[in-house]
Amino acid sequence: MFCSSKSLITLGTAFFIMAFPFTSMAAASTINEVSLDITSADRTVSGDGNLDIVVTTDSDMYYLDKVYDIDEPDGDFRDIDRPTLVVRIKADDSYTFTNQSIKNIKINGTNGTVIGGLMNETDIKIYIVFDALKDNSSNHSLNVIDLNVNGLEWDKTNGTVRWDKVSEADNYQLKLYRGSGLVRSFITKDPNYDVSAYITKEGKYSYQVRAVTDSSLKGTWKKSDVIPVTSEEAAKISFGKSKMGLEGPGSRWQFKNDKWYFMNESGNMVTGWISWKSKWYYCGNDGAMYTSTTTPDGYKVGSDGAWVE
């Protein structure tokens, strides 16, 4: 919580109100720089329109507590004459903000300017305006898109990962790791994924996921807990899920619910005949690959899905 003892620090044309805590905190590492990534949808605001933005940070020392927009003065800052972004940041345990923190606020991506804020040792509240919304004569507005992913879980019994659905997301980008090494990357529209086909060896597995939109806005990568998997457990999890020739670097095949699907470069499911590594495979209207059967146009495919010539 911000406290009542305050002082004013001027940084160029912006100012920060310092709210000092009543009691000193235990020794902690100091944060000397704050870096925010602000991205906007790939379009220009003109006339009546919105500026859609996403705010992220990859810091391990602090995190985004709240991000919202205002279009008129609030109780902490009165110099508001256009749509303004408010970003509240909290320091992680064992870290504190200092005067140096607010002197080194960096905004990457969309062209924004810090016009002021409020801070103490554990919190910083920043007010940011954007050149795209400078023309007050137009009915512009600022729209903060929440792409924050939460609730990351593992189901070790069947190799499924899941997370809470993000209402603003069109897709999710997923990365599976064994130790520090990347095993596979995936794209999915669902807030869950079956990665069992890729848990084939002993190791410590984890995953990262972020939400994305069709307008190329991307949220922050979130990391899961690490789960240890023995060689025996890996064999049980991946049993019957791996098919030689569909995996490996550059593969766009994805295994889900005991079936294989092929994704194009945009992450969309492909149907019909697919040429992959000098073999032909057939995916039905639901996207699932045919195996050990005859395709609608009369060709036989084997147990591995490949056309039997």
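The values are calculated or read from the model by the stated rules, or taken from the named source; none is laboratory data. None of the values given here were measured: they were computed from a predicted structure. Every residue, glycine among them, receives a Cβ derived from its backbone with ideal geometry; neighbour counts consider all protein chains shown. Heavy atoms of the whole protein, side chains included, go into the accessibility calculation; ligands, DNA and RNA do not. Shrake-Rupley method; radii C 1.70, N 1.55, O 1.52, S 1.80 Å.
Model label points for Ser35 and Thr271, set 7 angstrom from Cα along the Cα-to-Cβ axis, are 4.5 nm apart. Taking Trp253, Trp154, Trp280 and ordering them by how much accessible surface each has at a 1.4 Å probe, largest first, produces Trp280, Trp154, Trp253.
Here the label points at Asp58 and Ile227, each 7 Å from Cα along the C-beta direction, are separated by 2.6 nm in the simple model. Take the Cβ atoms of Lys106 and Asn264, set R0 to 45 Å, and the FRET efficiency comes out at 0.80. So which aspartates and glutamates pass the test for Lys300, namely a Cα distance under 16 Å, with those fewer than 8 places away in the same chain ruled out? Cα-Cα hits under 16 Å: Glu309. Measuring nothing but how far apart in sequence close Cα pairs (under 8 Å, 6+ apart) lie, relative to its length, the range 172-309 scores a relative contact order of 15 percent. Binning the alpha carbon pair distances of the range 94-188 at 10 angstrom intervals from zero yields the distribution 11, 25, 26, 28, 10, 1, expressed in whole percent.
Legend: calculated FRET efficiency, Lys189 to Asn99, from the Cβ-Cβ distance at R0 = 45 Å, rounded to 0.05, equals 0.45. The accessible area of Ser185, taken with all protein chains in place and a 1.4 Å probe, comes to roughly 60 Å².
The share of Cα pairs per 5 Å bin across the range 137-241, counted from zero up to the longest distance, runs 2, 13, 23, 21, 15, 10, 7, 4, 2, 2, 1, 1, 0, 0 percent. For Asp131, the accessible area of its heavy atoms, probed at 1.4 Å with every protein chain present, is near 80 square angstrom. Filter the cross-link list Lys90/Lys189; Lys189/Lys259; Lys218/Lys259 down to pairs whose alpha-carbon distance in this structure exceeds 23 Å. Table pairs above 23 Å Cα-Cα are Lys90/Lys189; Lys218/Lys259. Placing Ile124, Ile105 in order of accessible area, with the largest value first and a 1.4 Å probe, yields Ile105, Ile124.
Computed with every protein chain present, the accessible area of Glu202 is close to 130 Å² [probe 1.4 Å]. Straight-line reach from Lys156: taking Cα to Cα under 15 Å and skipping same-chain neighbours fewer than 8 places apart, the aspartates and glutamates in range are Asp194, Glu202, Asp225, Glu232, Glu233.
FRET efficiency for the Lys156 to Thr291 pair, using the beta carbon distance and R₀ = 30 Å, is estimated at 0.65.
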